[in-house]
Amino acid sequence: MSGRPTLPDSTDVVVVGGGIMGAAAAYFLAADSDRDVTLVERDSIGSGSTGDSSAILRHHYGDDEIYTDMAHWSHEFFRAFEDETGQPIAYAGSPLVRFGEEGTEVGDYAAAGYDVLAERDIPVSWVEPEEFPEQYPMYDGLDDYDFAVSDDSAAYSDGTDAANGFARGAAEEGATVVTGVGVESIDTEDGAVAGVETENGYVECEDVVVAAGPWTPELAADVGVDVPITPTREQVVILDPSDDYVEEFPDLTPTTSMPGGEWYLRPDFGDNVLVATHYLTEETDPDSYDDTPDEETLLELTDLVTETMPGLEDAGIQGQYCGVYSTTPDHDFVIDDAGPVGCYLACGFSGHGFKHGPAVGRIVRDLVVDGDTGLVDVDYFALDRFEENPAGHGMPADNI
């Protein structure tokens, strides 16, 4: 994208938000419809939650088949990203492992995920305890676990990189991508979207896709739609293992979270190890939050990691930051048309959305253009589930 495009006076579809979801929606709308598409981002592409995402690409979701199907479809797209969009992105394989104890909820979740992946011919392995030392030599304290399930073809990417790839791809398909301009409100006329008011003026449009992360409820409220999202702060530290550790364990670590833990880890580019919280409980203001991890949390994370992986005891700290989740009561997404005709929401991804970005973009395109989608049963993500029950679908068995 050369130069800096300006806002048009009118367009067919305005996509609000330049994270992975908005950028993917803009790409699929531009590439596979005759709609004139304008993506509007108030900061830079991938600068919000997407930029802070751990960008894990897993398929294991227990028996939650809809998420496995979306993650698998999306991962196939990520693997072929450059062929599909013409844009290269960062990508590295890293199997995801779930350790389990028989007869426990978390163990049942891990085992159910094995069955779901196996039924779909997604590479998956059942690992017996006697195999742990060979498969996971960097780990101590695995004696309590009866088995492990390995999502063998899991991987990770880079959130900002992928969002920018989608945005560049959308621009090459004819979309207008405008950054540094905030959308302030949605305008309606006779019960339908008429346009959006931005910091740089009014844009007439027939459809608006709101994919603005934790700022989505504010825009939705403009048109009388209540979206139950709680912004929560999560904390991340990047460890720099010693040369001896990297030489002994070149895979660094599988992507994993220990049962019962509110943290996870994965290898990172440059022979680093990313460790992050997954609390989903620390409410925050997305416009004003401390983006440096708390010292207490930093110490807790490093202690937990070194208890499990003693080889990381001498690791340095390469970086640290905080990000914001857009958390729904049930940790399930909201992908729906809601409020005035022509208003679509893609939000509430609750810390596990990145891996589904391509599928969400495709679903949004289908809803806007065709009125429905054949990719998944999108009714599962309907906003009105919270009218029927404020808890929505209820909390998942394992929310990482």
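Structure remark: mean-square fluctuation, Gaussian network model of the chain, C-alpha springs under 10 Å; the largest value among 320, 87, 135 belongs to 135. Compute the angle between helix 20-31 and the longest alpha-carbon principal axis of the chain, please, reported from 0 to 90 degrees and rounded to the nearest 10. Here the helix axis deviates by roughly 50 degrees. Of the residues 196, 376, 13, the one that moves most in a GNM of the chain with alpha-carbon contacts below 10 Å is 376. Placing unit charges on the Cβ atoms only, positive for Lys and Arg and negative for Asp and Glu, gives the chain a dipole magnitude near 1180 debye about its Cα centre. Here the Karplus relation 6.51 cos²θ - 1.76 cosθ + 1.60, evaluated at θ = phi - 60°, turns the backbone of the range 148-163 into coupling constants of 9, 10, 10, 7, 5, 9, 5, 7, 8, 9, 10, x, 4, 4, 5, 4 Hz, with x for every Gly and Pro. The packing ranking, built from the mean of other Cβ atoms within 10 Å per residue, places the peptides 269-275, 59-65 in the order 59-65, 269-275, highest first. Put 263, 73, 215 in order of accessible area, highest first, and with a 1.4 Å probe you get 73, 215, 263. The residue list 85, 338, 308 was ranked by how far each Cα lies along the charge dipole of the chain toward its positive end, using unit charges on Cβ atoms, and 85 comes out on top. Spatial offset of the range 259-287 relative to the range 210-229 amounts to 25 Å, using the alpha carbon center of each. Taking 7 Å steps out from each Cα toward its Cβ at residue 221 and residue 292 produces label points 3.1 nm apart. Each Lys and Arg adds +1 at its Cβ and each Asp and Glu adds -1 at its Cβ; summed about the Cα centre, the range 25-178 shows a dipole of about 920 debye. Applied to the range 285-295, the Karplus parametrisation 6.51 cos²θ - 1.76 cosθ + 1.60 on θ = phi - 60° returns per-residue 3J(HN,Hα) values of 9, x, 8, 7, 9, 6, 8, 10, x, 5, 4 Hz, with x for Gly and Pro.
For residue 15, nonlocal amide neighbours, meaning residues 5 or more places apart or on other chains whose placed amide H falls under 5 Å from its own, are 38, 39, 40, 209.
When the chain is treated as a Gaussian network with alpha carbon springs shorter than 10 Å, the biggest mean-square fluctuation among 90, 155, 30 belongs to 90. Between 0 and 90 degrees, the angle of helix 65-79 with respect to the longest Cα principal axis of the chain falls at about 80 degrees.
Helix 105-119 and the longest principal axis of the Cα set of the chain meet at an angle near 70°. For the range 250-335, what is the charge dipole size about the Cα centre, in debye to the nearest 20, if Lys and Arg each add +1 at the Cβ and Asp and Glu each add -1 at the Cβ? Roughly 400 debye, rounded to the nearest 20. From helices alone, the chain scores -8000 deg cm²/dmol at 222 nm; the rule is -39500 (n - 2.57) for each run of n ≥ 4 DSSP H residues, then divide by the residue total. Taking the Cα centre of the chain as the origin and placing charges on Cβ (Lys, Arg +1; Asp, Glu -1), which of 380, 147, 250 is farthest toward the positive end of the dipole? Checking the options against the dipole of the chain, the answer is 380.
The range 175-192 and the range 75-148 have Cα centres spaced 41 Å apart.
The values are calculated or read from the model by the stated rules, or taken from the named source; none is laboratory data. Quantities reported herein were computed from a predicted structural model and do not represent experimental measurements. Don't worry about glycine lacking a Cβ; one is built from the backbone with ideal geometry, like all the others, and counts go over all protein chains shown. The area values use the complete protein model at the heavy-atom level, side chains included, leaving out ligands, DNA and RNA. Shrake-Rupley method; radii C 1.70, N 1.55, O 1.52, S 1.80 Å.
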